[in-house]
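Chemist: Dropping a structure here in structure tokens format, bear with me for questions.
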Amino acid sequence: MSKELAVKVSATEAKNRFGSLSTQAKRSPVIVLKDGKPDSVIMSYEDYEEYQRLKSPSGGLAARRQWFNETYKEWIAAQHRFVEEYGVFGEEFRPW
């Protein structure tokens with residue numbers, strides 16, 4: 001997904017500047033406002049595909065879990081090494 005903050009524009013501005021906003025949407029989502037309230041979003045096709053993949057029942061939780069594990073594999077490994085070396089913090093105070 002995009003890293004930059006979303007841009008907010010009015011519906012009239014979105015209509016008048018659709019071409020440039022489509023280009024902007026490749027960098028970050030563009031939120032279209034109607035009466036000052038968020039109404040719709042212009043996003044890149046890549047972001048849309050990622051959104052669809054994550055929200056689909058077959059790719060929901062499992063896909064998010066896989067993404068997390070791939071993205072943070074070094075951090076997870078470091079946590080496992082820490083627990084193996086030092087144990088779980090406060091383990092001696094647990095009643096079980």
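Please treat every number below as a calculation from the coordinates, not as lab data. From a predicted model like this one, the values you see are computed outputs, not experimental measurements. As a convention, Cβ positions derive from the backbone with ideal geometry for all residues, glycine included, and neighbour counts pool all protein chains shown.
Chemist: Would you pick out the residues in segment 15-64 that are closer than 17 Å to residue 5 by Cβ and of a type in the set (D, E, K, R)?
Modeler: Result: 26, 27, 47.
Chemist: Could you tell me whether segment 72-94 includes any residue that is under 30 Å from residue 10 (Cβ atoms) and either in a helix (DSSP H, G or I) or in contact (Cβ under 8 Å) with a residue 40 or more places away in the chain (or both)?
Modeler: Within segment 72-94, none of the residues are under 30 Å from residue 10 (Cβ atoms) and either in a helix (DSSP H, G or I) or in contact (Cβ under 8 Å) with a residue 40 or more places away in the chain (or both).
A quick yes/no check of all residues on (1) exposed (fewer than 12 other Cβ atoms within 10 Å of the Cβ); (2) of a type in the set (Gly, Ala, Ser); (3) part of a strand (DSSP E or B):
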site	(1), (2), (3)
5	yes, no, no
8	no, no, yes
12	yes, no, no
20	yes, yes, no
28	no, yes, no
32	no, no, yes
38	yes, no, yes
41	no, no, yes
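Chemist: hydroxyl-bearing (Ser, Thr, Tyr) and touching a residue at least 12 places away in the same chain (Cβ under 8 Å), is that true of residue 56?
Modeler: In short, no.
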